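Contents: one structure, followed by commentary.
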Amino acid sequence: MDAPATTPFSTLIRTASHEQHTQAENSSFMSDMLGGRLGVDAYRRYTEQLWFVYRALEGGPSAAALAADPVAGPFIRPELARTAELERDLTHLGGPGWRTALRPLPATEAYAARVAECARDWPAGYVAHHYTRYLGDLSGGQIIRGTAEKTWGFTRKGDGVRFYVFEAIGNPAAFKREYRELLDALPVDDLEKQRVIDECKRAFALNTAVFQELGREFPLSA
Ligand code: HEM
């Protein structure tokens with residue numbers, strides 16, 4: 001049965017992606033990493049994949065047009081930007097030459113390509129990717145940070161985990177509330193909203209595919 005038209009869009013998109021969220025959370029790579037069963041090399045490889053994704057989200061030729069776009073523009077906030085933090089973490093994890101010979105996993109390449117495509121051609125689809133990453137980073141990302149600090153000995157909120165630290169967001173709960181209000185006010189019709197929900201599901205699937213490839217690269221040596 002269709003949800004009533006009065007259900008806020010932020011609720012619809014969260015509910016629609018709930019099952020896939022559980023899947024992503026429970027992927028063997030995530031479970032092994034958060035269970036402290038993998039080395040810091042796995043964490044580094046994971047962080048490298050994120051760099052490719054955030055470069056597509058934040059950089060590239062479409063960034064200026066997106067910032068001015070009536071649909072995607074309001075979501076793009078400088079305090080969310082993660083590329084610089086990822087680069088600091090990767091310098092810490094891999095040294096100044098971390099970029100040399102860095103290649104995305106095939107699943108990461110596909111994920112970043114889809115984000116770039118939405119950024120270029122479909123601002124509402126870009127919002128689906130924006131939501132899937134940044135709201136997740138502001139939520140479960142904090143659990144990942146705590147575990148990473150404990151498991152691999154990073155300084156609390158320091159180099160290695162800066163990606164998870166939103167220095168310019170003093171009150172994440174309030175920020176998320178405002179973000180959901182933006183989602184609820186998304187200036188598109190119901191059909192387009194359904195397409196955004198479908199794209200969010202695709203974003204979760206793209207993340208899960210990256211976890212699967214990471215899991216193959218770092219099988220548990222039990
Ligand atoms: C082990 C890994 C993960 C953990 C422990 C985790 C945990 C959480 C928690 C506790 C929340 C709820 C926060 C709240 O209600 O305010 C949340 C929300 C969220 N997570 Fe995750 N998460 C994980 C992985 C992921 C992944 C891989 C993605 C997608 C790339 C993701 C995307 C999201 C999104 C979009 C939300 C916001 C849902 C909403 O309120 O609309 N999470 N996560």
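Summary table
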quantity: Loop-exposed trypsin sites (Lys or Arg not before Pro) per DSSP, neighbour cap 12 Cβ within 10 angstrom, longest uninterrupted part of the chain; calculated: 1-98
quantity: Phi to ³J(HN,Hα) by Karplus 6.51 cos²θ - 1.76 cosθ + 1.60 over the range 82-99, Hz, x for Gly, Pro; calculated: 10, 4, 5, 5, 4, 5, 5, 4, 6, 5, 5, 7, x, x, x, x, 4, 7
quantity: Distant alpha-carbon pairs in the chain (separation over 22 angstrom), percent; calculated: 51 percent
quantity: Cα centroid of the range 1-62 to Cα centroid of the range 151-222, whole Å; calculated: 5 Å
quantity: Cβ-placed point charges (K, R +1; D, E -1), dipole of the chain about Cα centre in debye, nearest 20; calculated: 600 debye
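No value in this document is a laboratory result; all are computed from the given coordinates. The model shown is predicted, which means the values in this text are computed figures rather than measured ones. All Cβ positions, even for glycine, are placed from backbone atoms using ideal geometry, and neighbour counts span all protein chains on display.
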